[in-house]
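Single-structure report; data block below.
The values are calculated or read from the model by the stated rules, or taken from the named source; none is laboratory data. All figures in this text were calculated on a predicted structure; none of them were measured in a lab. A quick note on method: Cβ atoms are made from the backbone with ideal geometry, for glycine too, and the neighbour counts reach across all protein chains shown. We work out accessible area using only protein heavy atoms, side chains counted, and drop any ligands, DNA or RNA first. Shrake-Rupley method; radii C 1.70, N 1.55, O 1.52, S 1.80 Å.
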Amino acid sequence: MDKRYIRFTSAAHPEGGYGILEDDKLTVLDRAPWADGQPIESNESPQSIINLLAPVQPSKIICIGLNYHAHVEASQSADNAPERPLIFFKPPSSIIGPNEAIVHPPESKRVDYEAELGVVIGKTGHHISEEAAEKHIFGFTCVNDVTARDLQKVDGQWSRAKGFDTFCPVGPWIVPKLNHADTLVEGIHNDKVKQSGRTSLMIFDIPFLISYISRVMTLYPGDLISTGTPAGIAPMKPGDKIVVRVEGVGKLSNTVVAS
Ligand code: MG
């Protein structure tokens, strides 16, 4: 199997450590790979892993709204595709890892899943050109941009709707290489495929997004960009299982619990 960057717990790393899974081997790193993490002496193997954690601890999570034509059409009465990317934040405190529970907060009556491709930044940059964007990518992961849809409409801006604790499942790992211009992003709700869209149908592609965002804010190693969701979003209820599957990356699975 190709190289996968993970963060994990084990008996030797109860607080979590960074590592690389490749074939049947686990290489433990002394810090995050995008912070120049180096291999350390370890006799740990993939069987030593207790849990996979969210593979990133970003300084910020930048999300893109309405970035697939079909999702724009479903969200509005017509396809008024945005002229420029709509960017918003999720707080780093909203991150959870694979198999952790999404908590349905009492403030919302409608909590939706949004299956997305996540891009992890590998190198600091501002005013990055589209041509140089690729060099600033560390790798790719799966993101669920969980959204309290009713609060999003009521508030007029999205910090509350997008920002509850547990509203940003990320993982299960990071892959360094992906044909990000054309890969399949799927949302699977209780074992039924509800979202299925190729990144070739994005309104703004990844190099454009990196360039656009970096004209506003410096992107740091480990920062996470979630690139928008295809059509097919729907509400989840406690007990539901939601999987974000990205072709060439993997499957991120979480369940929903009542608060
Ligand atoms: Mg989204």
Looking for something among the small types (G, A, S), within 25 Å of P105 (Cα to Cα) and open to solvent by less than 50 Å² (accessible area, probe 1.4 Å) - is there at least one such residue anywhere in region 199-214?
no
- request: With the condition kept exactly as written, say whether any residue in region 127-148 is within 16 Å of the ligand (Cβ to nearest atom), in contact with a Ser or Thr (Cβ under 7 Å, 6 or more places away or on another chain) and in a loop (DSSP other than H, G, I, E, B).
  value: yes
Heads up, the strands (runs of 3 or more DSSP E) in region 1-115 (entirely inside) with at least 2 residues that are more than 16 Å from the ligand (Cβ to nearest atom) are 4-9, 17-22, 25-29, 51-53, 101-104
By residue number, the members of region 192-225 that are of a type in the set (F, W, Y) and outside any loop (DSSP other than H, G, I, E, B) are F208, Y212
Subset of region 242-254, residues within 15 Å of G171 (Cβ to Cβ) and either modelled with pLDDT under 95 or open to solvent by 60 Å² or more (accessible area, probe 1.4 Å) (or both), comes to R245, K251
Per the filter on region 116-126, residues in contact with a Ser or Thr (Cβ under 8 Å, 6 or more places away or on another chain) and part of a loop (DSSP other than H, G, I, E, B) are T124, H126
Over region 215-241, the set of residues more than 14 Å from the ligand (Cβ to nearest atom), of a type outside the set (A, V, I, L, M, F, W, C) and either under 22 Å from V103 (Cα atoms) or open to solvent by less than 30 Å² (accessible area, probe 1.4 Å) (or both) is G222, D223, P235, K237, P238, G239, D240, K241
Residues of region 115-132 being open to solvent by less than 10 Å² (accessible area, probe 1.4 Å) and out of contact with any His (no Cβ under 8 Å at 6 or more places or on another chain), in sequence order, are A115, E116, G118, V120
